[in-house]
Amino acid sequence: MRNELVIRDLHARVGDKEILRGVNLTLTSGEVHVIMGPNGCGKSTLAHVITGRPGYVATSGSVTLNGTELLTLEPSERVREGVFLAMQHPLEVPGVRPVDMMRAAGVTGNVESQLAEQSRRIGLRTELMERFVNVDLSGGERKRAEVVQISVLQPKFALLDEIDSGLDVDALGLVARRLHEATKEWDLGILAITHFRRLLHELTPDVIHVMSHGKIVATGGPELAEQLERDGYEPFREIE
Amino acid sequence: MKTFLNIAHSQITGLPGAVERGRLLDVIERQGLPTTTDEVWRYAPLSQFNIDTFGAPERSEASPAFINDLTHHADIVVQIDNGRYVAAQGDMPGVHVSWRDEGAIDEAPYQDDAFALLNTALHPHVLSIEVDTDVSAGTVLLVHRVGTGASFPRTRISVSRNARLTVIEVWCGGTDAFVAPVSEFEVGDNAHLTHVTYQRLDSSAWHVSRTTARIERSGRMHQSVLCLGGQYDRARNDAELVGPGAENQLWTTFLGSGDQVHDLRSHQMHHVGRTNSVLLSKGAAADRSRSVYTGLIEIERGARRTDARQTNHNLLLSPQAHADSVPNLDIRENDVTCAHASSVGPLDELQRWYLESRGVSRQDAERLMIEGFFKEMLDVLPTDVARVFEADITVRVREVVA
Ligand SMILES: Nc1ncnc2c1ncn2[C@@H]1O[C@H](COP(=O)(O)OP(=O)(O)O)[C@@H](O)[C@H]1O
Ligand SMILES: [Mg+2]
């Protein structure tokens, strides 16, 4: 069965400020979609609204996964439905170990060895998984730890918020390859937010979306990323 | 107090230093026990405390199962019942465990503290742990079993120059008990003592403890105090930083439920310059429980470039729970760095959301974060040892956070 994540006319605010002004997007399992767009256009906000971050309020529209409305669910229920966010800035949770977090998230079996195995696959030192969640990890290590969690949880869809920032070239290659494999391994659907084409080399996107002022203003194939790299976002700002 | 003292007088007959002990009991009788009008005792439910109801300690209950797991991780395990040495297993070169019948002990440091004076008069003996110079020792586990009645355990730990040692003290039992331990730690030049107290006494126990560390030049003391049990649980943890480069880390935490009171106190005394203290206190109060943290940082004139920090975070899990934080600074030198932060409030919302965004339910996220307060305190221990405590903490937190 193909999974489908459908974002329909999504409006959202943070505080009093309307940030998303009608986002439409449909993701299908196994596909890689990419969102590019200037700083502050609402990319992270979209990821946060879908996953229920406190303070991010959907004012209208819907986000459904195989027909189930996510916006009315608790954040943890949304994950259990199958949408996972790898954060742009993964938070530290002192006192909580990854293994206990994953168990509480419903992962069964030998969680320690699953974390270790998935860490090895992307070149993350396995002992980092024994520390408290993200505490004393570098920016790049945190990003990789997010990918480890994706690999262990195996969600239907992963939202990757600038997963490439903070990673060195080698780590980026490993991470992108791992995620690409996941699209085959369990048909993971990906929505990757990025500024850089480097991630796309290995991730091989199917669709590129350009976001501006809280809306998707252009959608196309991989050639769109090339155009963005050449011309910047300026031409797209016109299309409102 | 009459009945108690009569029994006490008969108990000390024949003990070493009986005359001195008797004299101390007379001092205590004249002074009387503290009342809540004494500032430092204002949070103690002393009206419910009748020392005359506590006789000689009875045999203690069996120790909980997790202690068995712990013993596998310690190099030396010492069993102490009601402050009395029972047995020791294991040994380490350069580490000496003894139980001395010392008799009278200098009471001067405790003159204003009736409970510490009671300990000085009535402790059965001093359990002593000494580490020789340059010895990098492993872990000593002290298992304290507390029976019904009054007991006064006394401990002295001395880590000589360039030596290091980890001591874990677990307190269990304590049904209808009154236990007033006093411990003294000496940390020599460039020595390093890690000390973890895991107090999981019965919720009917009165536990009034006091520890004092004396830290010499470049010595380091890391103390973690985990307070789970007790009706009234008081932990006073002091440090005297007497040599330049001396460092004291004191991490305390509590979990209160029912009508428990956790009364945490500390006094970091910076006698000389370039000394450093870090106080971290975190705790959670549920039901009608109360907690208070009173921390005094004192910096002597001339103790330049001293660095002293105090952080206090309390979590209230019910509308009837109450937490106070009372930081005090007494600084007689300008060239110092002092910082203090304290908060009372709910759990960090974003941290909770991070866990939820992994698929952890809100309730489980909160529970994990509260357990996390304790796990942080255990971070000074090797992971395999910490894990043993963590399993026990999980059980306790699940009882409290429904
Ligand atoms: N927590 C917040 N509080 C206030 N404003 C916010 C918050 N988060 C985002 N914003 C604002 O929302 C807009 C979109 O931000 P964001 O979604 O983070 O952009 P980006 O596309 O760079 O990820 C920006 O103007 C930003 O300042
Ligand atoms: Mg962003």
Open item on the list: So A:D164 ticks every box in (1) at pLDDT below 95; (2) within 13 Å of another protein chain (Cβ to nearest Cβ); (3) farther than 19 Å from B:E356 by Cβ but one. Which box is left unticked?
Closed with: (2)
Task: Flag if B:H262 is closer than 30 Å to B:E61 by Cβ and touching a residue at least 12 places away in the same chain (Cβ under 8 Å) - done: yes
Task: Filtered residues of segment A:1-37 (kept if in a loop (DSSP other than H, G, I, E, B), in contact with a Lys or Arg (Cβ under 6 Å, 6 or more places away or on another chain) and away from ligand 1 (no atom under 11 Å from the Cβ)) - done: A:N3, A:S29
- [ ] Within segment A:142-174, track down each residue that is under 16 Å from A:H195 (Cα atoms) and within 13 Å of the chain's Cα centre (by Cα).
- [x] A:K143, A:L159, A:L160, A:D161, A:E162, A:I163, A:D164, A:S165
- [ ] Kindly establish whether A:L128 is away from ligand 2 (no atom under 16 Å from the Cβ), in contact with a Ser or Thr (Cβ under 9 Å, 6 or more places away or on another chain) and part of a helix (DSSP H, G or I).
- [x] yes
Task: Hits in segment A:32-59 - residues which are within 12 Å of A:H209 (Cβ to Cβ) and more than 13 Å from ligand 2 (Cβ to nearest atom) - done: A:V32, A:H33, A:V34
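Wholly within segment B:338-402, which helices (runs of 4 or more DSSP H) include no fewer than the required count, namely at least 3 residues that are within 22 Å of B:Q310 (Cα to Cα)?
Output list reads B:362-377.
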Task: Of residues in segment A:153-173 being acidic (D, E) and within 26 Å of A:G52 (Cα to Cα), the one farthest from ligand 1 (Cβ to nearest atom) - done: A:D164
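For segment B:241-260, give me the residue count where each residue is assigned to a strand (DSSP E or B) and buried (at least 22 other Cβ atoms within 10 Å of the Cβ). Before you say what the answer is, go through the steps one by one.
Residues of segment B:241-260 assigned to a strand (DSSP E or B): B:241, B:247-256.
Next cut, buried (at least 22 other Cβ atoms within 10 Å of the Cβ) only: B:241, B:248, B:250-256.
Within segment B:241-260, residues that are assigned to a strand (DSSP E or B) and buried (at least 22 other Cβ atoms within 10 Å of the Cβ) number 9.
Tell me yes or no: at least one residue of segment A:1-16 is more than 14 Å from chain B (Cβ to nearest Cβ) and either hydroxyl-bearing (S, T, Y) or within 16 Å of ligand 2 (Cβ to nearest atom) (or both).
Looking for residues that are more than 14 Å from chain B (Cβ to nearest Cβ) and either hydroxyl-bearing (S, T, Y) or within 16 Å of ligand 2 (Cβ to nearest atom) (or both), one finds at least one in segment A:1-16, hence yes.
Can you confirm whether segment B:375-383 contains a residue that is of a type in the set (K, R), under 22 Å from A:V93 (Cβ atoms) and within 14 Å of another protein chain (Cβ to nearest Cβ)?
Yes, the conditions are met somewhere in segment B:375-383.
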Task: Members of segment B:350-361 found to be facing chain A (nearest Cβ under 7 Å) and at negative phi, listed by number - done: B:L350, B:Q351, B:W353, B:Y354, B:L355, B:E356, B:S357, B:R358, B:V360, B:S361
Task: Hits in segment A:19-39 (condition: modelled with pLDDT of 95 or more and out of contact with any helix residue (DSSP H, G or I) (no Cβ under 9 Å at 6 or more places or on another chain)) - done: A:R21, A:G22, A:N24, A:T26, A:L27, A:T28, A:H33
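Restricting attention to segment A:76-92, which residues are aliphatic (A, V, I, L, M) and either more than 8 Å from chain B (Cβ to nearest Cβ) or buried (at least 22 other Cβ atoms within 10 Å of the Cβ) (or both)?
The initial filter retains those residues of segment A:76-92 that are aliphatic (A, V, I, L, M), namely A:79, A:83, A:85-87, A:91.
Correct list: A:V79, A:V83, A:L85, A:A86, A:M87.
Can you say whether B:D364 is facing another protein chain (nearest Cβ under 10 Å) and either surrounded by 17 or more Cβ atoms within 10 Å (Cβ to Cβ) or not hydroxyl-bearing (S, T, Y) (or both), as far as the supplied structure shows?
Values: facing another protein chain (nearest Cβ under 10 Å): yes; either surrounded by 17 or more Cβ atoms within 10 Å (Cβ to Cβ) or not hydroxyl-bearing (S, T, Y) (or both): yes.
When the stated conditions are applied, B:D364 passes them.
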Open item on the list: Any residue that is within 16 Å of ligand 1 (Cβ to nearest atom) and outside any helix (DSSP H, G or I) - is there at least one of those in segment A:174-187?
Closed with: no
Open item on the list: Within segment B:72-118, considering only strands (runs of 3 or more DSSP E) that don't extend past its boundaries, which have at least 2 residues that are closer than 27 Å to B:F49 by Cα?
Closed with: B:76-81
Open item on the list: For segment A:142-161, which positions are away from chain B (no Cβ under 13 Å), within 16 Å of ligand 2 (Cβ to nearest atom) and assigned to a helix (DSSP H, G or I)?
Closed with: A:K143
Task: Test: A:V34 is within 12 Å of chain B (Cβ to nearest Cβ) and at negative phi - done: no
Task: Complete set of residues in segment B:344-402 that are of a type in the set (F, W, Y) and in contact with an Asp or Glu (Cβ under 9 Å, 6 or more places away or on another chain) - done: B:Y354, B:F374
TODO: Taking the residues in segment A:113-141 that are acidic (D, E) and within 11 Å of chain B (Cβ to nearest Cβ) as candidates, determine which candidate is nearest to A:L91 (Cα to Cα).
DONE: A:D136
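The values are calculated or read from the model by the stated rules, or taken from the named source; none is laboratory data. Remember, predicted model here, so these are calculated numbers, not experimental data. We place every Cβ from the backbone using ideal geometry, glycine too, and count neighbours over all the protein chains shown.
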